[in-house]
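S.K.: This is the structure, below, for whatever I ask next.
Laboratory data are not the source of any read-out in this text; all were calculated from the coordinates shown. What you are looking at is a predicted structure, and each value in this text was computed from that prediction instead of being measured. All Cβ positions, glycine included, derive from the backbone under ideal geometry; neighbour counts span all protein chains shown.
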Amino acid sequence: MKTFKNIFDFQLHFNTEEKCREYLEQQRWGNTPACPCCGSTNVKRFATNNRIFKCREKECRSKFSVTVGTIYENTKIPLTKWFLATYILSVHSKGISSLQLATWLGVTQKTAWHLNHRIREMLSLNAPELLDGIVECDETYVGGSESNKHAYKRIVRGGAGNKAMVLGAVERGGNVKVRVIDKTNAQNVVPVIKEFVAPDTIMVTDEHTAYNKLHLDYTHKRVNHRDKEYVRKEDILVHTNSIEGYWNILKKQINGIHHFVSPKHLQRYCDESAFRYNHRKALQDERFANALANCEGTLKWKRLTAK
Ligand SMILES: [Zn+2]
């Protein structure tokens, strides 16, 4: 793995298409390139144009480069700009707006918006393991004051002030997982929790009724916010301070940087924020490599802009 500690180092490493491509090949395949069409490793690199490989399987014979089957496929944007945008989004503490990214990269705002969203998609696959140990779970509303927004942009969704609802679970000292949900009733909340949290984990929530049946799958402890109880000392400290700390980070990011996030894209913004939280102890080069590890999978412009 290439090591870099800051943006200056980063740009020395990745200042040509060649260097970016080499790194991507290494990250994606190691020393055994594989055909993205049939999966075979029986492939050869062209001597004349060394970006291109050819599959030797009789049935396949595909020609491909390392970007085929990744978010970089068929892109007109140079890899150097993709890499820099990925770096910025994976290490910047609060993320940046498309407008700011456009200025930094010297691309149009539309291109920057597209980069932003495609990279966010990469960041969404950041914590595959189930949460374990002591897990705090809570729900919150996300979105700024609705009254100041144009009517067509207002978030139409049930709940306080028509803001969107997000459910989050954080393992103390570990990862966070977040999901945009429609309603905070047990039918919506419990299946997501089971998807996020390993069985028999110690779960801490507040008194919300949606959590009433968590004791069936978990050791469930509750803190009674309504009675102004915030911490209770038992065999563990019963509180939801970790998830509330994460909500502060998420809201600062969304309200401070993006000002407005439509519900359709909210999950990606949440994923981006969760990626950074889950890599808070990781070094810059590690964060970048982990982000890039998810580059397989394309997010087409059409799907992004679809209603
Ligand atoms: Zn093949």
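S.K.: Using a Gaussian network for the chain with springs between C-alpha atoms less than 10 Å apart, which of these wobbles most: LEU99, LEU89, LEU79?
M.R.: LEU99
S.K.: May I ask you to derive the relative contact order of the chain, considering only C-alpha pairs under 8 Å and at least 6 residues apart, and to give it as an integer percent?
M.R.: It rounds to 21 percent for the chain.
S.K.: Once you list every other residue whose beta carbon is under 13 Å from the beta carbon of ALA102, what net charge do they have if Lys and Arg are +1 and Asp and Glu are -1?
M.R.: Net local charge, ALA102 excluded: +2.
S.K.: While we're here: Compute for region 164-258: radius of gyration divided by Kirkwood radius, i.e. Rg/Rh, restricted to C-alpha atoms, rounded to two decimals.
M.R.: That ratio equals 0.95.
S.K.: Give me log10 I(q)/I(0) at q = 0.08, 0.14 Å⁻¹ for the chain, Debye formula, one equal scatterer per alpha-carbon, no solvent.
M.R.: One equal scatterer on each Cα of the chain leads to -0.43, -1.10.
S.K.: Compute the signed sum of charges (Lys and Arg +1, Asp and Glu -1) over the other residues within less than 10 Å, Cβ to Cβ, of LEU214.
M.R.: So the environment of LEU214 carries a net charge of +3.
S.K.: Quick one: among ALA169, ALA291, ALA47, which has the greatest mean-square fluctuation in a GNM of the chain with alpha-carbon springs under 10 angstrom?
M.R.: ALA47
S.K.: Calculate how steeply helix 263-278 sits against the longest principal axis of the alpha-carbon atoms of the chain, using the helix alpha-carbon long axis, and give the answer as 0 to 90 degrees to the nearest 10.
M.R.: 90 degrees
S.K.: If you restrict to DSSP beta bridges whose two residues both lie in region 155-238, what percentage is antiparallel, to the nearest 5? If you can, show how the numbers build up before the last one.
M.R.: Working: 8 of 12 bridges.
Bridges in region 155-238 are about 65 percent antiparallel.
S.K.: Please report the antiparallel percentage of DSSP beta bridges with both residues in the chain, rounded to the nearest 5. Numbers along the way, then the final one.
M.R.: Working: 22 of 30 bridges.
Percent antiparallel among DSSP bridges in the chain is about 75.
S.K.: Give the lysines reachable from LYS19 as a straight Cα distance under 22 Å; neighbours fewer than 8 places away on the same chain don't count.
M.R.: Straight-distance partners of LYS19: LYS2, LYS5, LYS44, LYS54, LYS63, LYS76, LYS81.
S.K.: Where does helix 79-91 land angle-wise versus the long Cα axis of the chain, in degrees 0 to 90, nearest 10?
M.R.: Value to nearest ten degrees: 20.
S.K.: Between GLU25, GLU286, GLU57, where does the largest GNM mean-square fluctuation fall for the chain, given springs only between Cα atoms within less than 10 Å?
M.R.: GLU57
S.K.: Still on this model: Could you state the angle between the C-alpha long axis of helix 186-196 and the longest principal axis of the C-alpha atoms of the chain, as a value from 0 to 90 degrees rounded to the nearest 10?
M.R.: Taking Cα atoms only, the helix is inclined about 50 degrees.
S.K.: Can you give me the relative contact order of region 215-283 as a percent, contacts being Cα pairs under 8 Å and 6 or more apart?
M.R.: 19 percent
S.K.: What net charge is computed for the residues neighbouring LEU283, neighbours being all others with C-beta under 14 Å from the C-beta of LEU283, Lys and Arg scored +1, Asp and Glu -1?
M.R.: It works out to a net charge of +3.
S.K.: Could I have the simple spin-label model distance between THR103 and ARG51, label points 7 Å from Cα toward Cβ, reported in nm to one decimal?
M.R.: 3.1 nm
S.K.: Dipole magnitude of the chain about its Cα centre, charges +1 at Lys/Arg Cβ and -1 at Asp/Glu Cβ only, in debye to the nearest 20?
M.R.: The dipole of the chain has a size of about 1420 debye.
S.K.: In whole angstrom, how far apart do the alpha carbon centroids of region 17-77 and region 185-240 sit?
M.R.: After rounding, the separation between the Cα centres reads 47 Å.
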